[in-house]
1. Between LEU4 and SER29, take the C-beta separation as r, use R0 = 25 Å, and let me know the FRET efficiency to the nearest 0.05.
2. Which of rounded, prolate or oblate describes region 119-163 when judged by the alpha-carbon gyration tensor and an a/c cut-off of 1.5?
3. About its Cα centre, how strong a charge dipole does region 81-174 have in debye, to the nearest 20, once Lys and Arg get +1 and Asp and Glu get -1 at the Cβ?
4. Could you tell me which of the pairs LYS31/LYS142; LYS142/LYS167; LYS30/LYS97; LYS37/LYS142; LYS37/LYS109 are separated by over 28 angstrom between their Cα atoms in the structure shown?
5. Beta carbons within 10 angstrom, averaged per residue: use that to sort the peptides 97-109, 142-154, 115-127, 16-28, highest first.
6. Using a/c under 1.5 as the rounded threshold, could you call region 81-174 rounded, prolate or oblate? The axes a ≥ b ≥ c are square roots of the C-alpha gyration tensor eigenvalues, and prolate needs a/b larger than b/c, oblate otherwise.
Amino acid sequence: MERLEVQSAQLDRLEAKLDQEAEERRELSKKIDTLLKRWMAGVDLPDETAERSGTPDQVGSDGRRCPVVAGHDGAKPMRAFAEYIRVPEKAAEILAKLHEWIDERQRVKAILYIKAAMDARVLERVPFVAADAEYPGRLGSKSLYYAYISEPNAFTEDDLEELRRAKAALEEIAGRGRQ
């Protein structure tokens, strides 16, 4: 009987600790949501993050500031999405076409066009942070993005057909179409 009481007390302590950690996670999630909403709305972040928010010359194609990512030697500016385009003279056209496709789609259906651009060799491998800064809220989570960008067989047959069409269109824009 004594053993059951000890186990019951341990279980009570564990449940209390789990409840406390769940509450802390909820509070952190609220803070993160608030910061993301403010960032997406273009509101400056609080002072403690202001020093890491980039400089005015670090702007994306839409005029917003580019995020800063931490490296081993501290914070460093992330390249804008447009800087990953491999055909500089056609960058505006390629970016406009990608926006035309991606701005109307979400998650996997949006990621498909970035994958097509990479397969067409008009776009380098773009980190999630840069892609999400260019297409905010369109690409889903970081893990979803990398799963579909990295895995050649992740897409459905219909998606693969659309990927082929998009790849051909991008190759045509870049002047690498089939002759």
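Every number here is computed from the coordinates shown, using simple stated rules; none is lab data. Computed from a predicted model, the values in this text were never measured in an experiment. Note: ideal-geometry Cβ built from the backbone for every residue, glycine included; neighbour counts use all protein chains shown.
1. Numbers: r = 37 Å, r/R0 = 1.46.
According to the calculation, E is roughly 0.10.
2. Numbers: a/c = 1.82, a/b = 1.42, b/c = 1.28.
Cα axes put region 119-163 in the prolate bin.
3. Working: 14 positive and 18 negative charges, 42 e Å.
Its charge dipole is roughly 200 debye.
4. Values: LYS31/LYS142 19 Å; LYS142/LYS167 23 Å; LYS30/LYS97 35 Å; LYS37/LYS142 18 Å; LYS37/LYS109 24 Å.
In this structure, LYS30/LYS97 exceed 28 Å between Cα atoms.
5. Values: 97-109: 15.8, 142-154: 13.8, 115-127: 20.0, 16-28: 10.0.
Output ranking for 97-109, 142-154, 115-127, 16-28: 115-127, 97-109, 142-154, 16-28.
6. It is oblate, given that a/c is not under 1.5 and a/b is not larger than b/c.
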